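Participant: First, the structure itself, so that you have it in front of you.
The values are calculated or read from the model by the stated rules, or taken from the named source; none is laboratory data. Everything quoted here is computed from the prediction, not taken from an experiment. Please note: Cβ atoms are built from the backbone with ideal geometry, for glycine as well, and neighbour counts cover all protein chains shown.
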Amino acid sequence: MPIEAKVFTENEELPALVLVHGLGSAGSIWKSLLPQLKKHFTVYALDLPGHGEADLASDEQLDPKSLARSIVSTMRTEHNVSQMHVAGNSLGGWIALEMGAVAPKNVSSVTALAPAGLWHQVPTSKFPPSLFARILAKISQYFMRIAYRIPVLKALGYKKITHLWRELSFESCRDSVIAMANSKGYMPTWRGLLGKKFDSQIDDSVDVSIVFGDYDLTLPENIAQKREVAPEHAEWIVVENCAHVIMWNYPDLTVDLIKRTARIA
């Protein structure tokens, strides 16, 4: 399965941290965290199949559990990493949880940031909720700087993702627009998760944190935050005044949460 990784570290002896992005995103979404994370980890920022710089193969299984297995395999065979911490956002958070379930001997900790998959009812719609954002990204990629400077256009793209849309940097907006507009794996990956939910068991040897913002409009509490399906030993954390992409709103806190889950001072 074509999975690409960019590696960031100050010391290759530091423990491995795998970062998994969400649907229509790319490894670039973690950019604001890298200066801090690479002081404590050897960071592998992944591009999932058909996202970022990763190709899309026509015969691959793109459901979260299959992606989890492929990431663990890729880390072993291509990067010689058999022990890792994992953090993921949205769909990436779901995949991170599945990695903890399928490979407890390889995954030491999971930080699931606003993970998908904890549905009250599994998604069955042919089209993802973020389809409008994808259409908008395809259009606005040609005049991003202008769109960023016009509040009504910026709000159109980001108000449903975060109530703190006014604070988003141009770099964050640019990276997310490019990733969404050019994601060949967007619809195939969505089809791969249709009718599915996270219901796997994670061994209690794997430390798990599940983190949601209290103002998540993408995966709201009454639709997609079913605590009963979370691992019993997981720490469930709610961040105040925070939306779906937690690392956009609170990068320092996100780094601290990943370090705390990984038991790194």
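Participant: Within the range 128-158, work out how many residues are assigned to a loop (DSSP other than H, G, I, E, B) and without any contact (Cβ under 8 Å) to a residue 40 or more places away in the chain.
Facilitator: Taking the range 128-158 and keeping what is assigned to a loop (DSSP other than H, G, I, E, B), we get 128-130, 141-143, 150.
Add one more test, that the residue is without any contact (Cβ under 8 Å) to a residue 40 or more places away in the chain, and what stays is 142-143, 150.
So the count comes out to 3.
Participant: Right, next: Looking at (1) assigned to a loop (DSSP other than H, G, I, E, B); (2) surrounded by fewer than 16 Cβ atoms within 10 Å (Cβ to Cβ), find the lone condition where Gly117 falls short.
Facilitator: (2) is the only condition that Gly117 fails.
Participant: Another question about this same structure. For Ala5, indicate whether it is of a type in the set (Gly, Ala, Ser), surrounded by fewer than 24 Cβ atoms within 10 Å (Cβ to Cβ) and more than 17 Å from the chain's Cα centre (by Cα).
Facilitator: No, not satisfied.
Participant: Taking the range 210-265, which residues are polar (S, T, N, Q), in a helix (DSSP H, G or I) and within 17 Å of Trp165 (Cβ to Cβ)?
Facilitator: Asn249
Participant: Can you give me the ranges of the helices (runs of 4 or more DSSP H) entirely in the range 1-106 with at least 3 residues that are under 24 Å from Phe198 (Cβ atoms)? It would help to see each step written out before you state the result.
Facilitator: Details: elements: 34-37, 64-79, 91-102.
The qualifying helices (runs of 4 or more DSSP H) are 64-79, 91-102.
Participant: While we're here: Suppose the filter is under 18 Å from Thr189 (Cα atoms), touching a Pro at 6+ places or on another chain (Cβ under 9 Å) and of a type in the set (A, V, I, L, M); does Leu33 pass it? Working first, answer last.
Facilitator: Working: under 18 Å from Thr189 (Cα atoms): no; touching a Pro at 6+ places or on another chain (Cβ under 9 Å): yes; of a type in the set (A, V, I, L, M): yes.
Considered against the rule, which asks whether it is under 18 Å from Thr189 (Cα atoms), touching a Pro at 6+ places or on another chain (Cβ under 9 Å) and of a type in the set (A, V, I, L, M), Leu33 comes out as no.
Participant: Let me ask you something else. What number of residues within the range 244-260 are crowded, with 23+ Cβ neighbours inside 10 Å and farther than 20 Å from Leu217 by Cβ?
Facilitator: So the count comes out to 1.
Participant: Which condition number does Gln201 fail, the rest of (1) surrounded by 13 or more Cβ atoms within 10 Å (Cβ to Cβ); (2) in contact (Cβ under 8 Å) with a residue 24 or more places away in the chain being met?
Facilitator: (1)
Participant: Being of a type in the set (Ser, Thr, Tyr), in contact with a strand residue (DSSP E or B) (Cβ under 6 Å, 6 or more places away or on another chain) and either crowded, with 22+ Cβ neighbours inside 10 Å or within 17 Å of Asn89 (Cα to Cα) (or both) is the filter here, so list the residues in the range 8-55 that pass it. If you could, list the steps in order and put the result at the bottom.
Facilitator: Of all residues in the range 8-55, those of a type in the set (Ser, Thr, Tyr) come to 9, 25, 28, 32, 42, 44.
So of that shortlist, the ones also in contact with a strand residue (DSSP E or B) (Cβ under 6 Å, 6 or more places away or on another chain) come out as 9, 42, 44.
The one that is of a type in the set (Ser, Thr, Tyr), in contact with a strand residue (DSSP E or B) (Cβ under 6 Å, 6 or more places away or on another chain) and either crowded, with 22+ Cβ neighbours inside 10 Å or within 17 Å of Asn89 (Cα to Cα) (or both): Tyr44.
Participant: If I filter the range 175-187 for residues that are among the acidic types (Asp, Glu), modelled with pLDDT of 85 or more and within 18 Å of Ser25 (Cβ to Cβ), do I get at least one hit?
Facilitator: Step one: filter the range 175-187 for residues among the acidic types (Asp, Glu), giving 175.
Then drop every residue that is not modelled with pLDDT of 85 or more, which leaves 175.
From the residues that got through so far, the ones that are within 18 Å of Ser25 (Cβ to Cβ) too are 175.
Yes; the residues of the range 175-187 include at least one that is among the acidic types (Asp, Glu), modelled with pLDDT of 85 or more and within 18 Å of Ser25 (Cβ to Cβ).
Participant: Please work out if Ser82 is surrounded by fewer than 21 Cβ atoms within 10 Å (Cβ to Cβ), more than 14 Å from the chain's Cα centre (by Cα) and farther than 22 Å from Leu253 by Cβ.
Facilitator: Working: surrounded by fewer than 21 Cβ atoms within 10 Å (Cβ to Cβ): yes; more than 14 Å from the chain's Cα centre (by Cα): yes; farther than 22 Å from Leu253 by Cβ: yes.
In short, yes.
Participant: Restricting to the range 210-223, name every residue that is in contact with a strand residue (DSSP E or B) (Cβ under 9 Å, 6 or more places away or on another chain) and touching a residue at least 60 places away in the same chain (Cβ under 8 Å).
Facilitator: Once the filter is applied, which keeps residues that are in contact with a strand residue (DSSP E or B) (Cβ under 9 Å, 6 or more places away or on another chain) and touching a residue at least 60 places away in the same chain (Cβ under 8 Å), the range 210-223 yields Ile210, Val211, Phe212, Gly213, Leu219.
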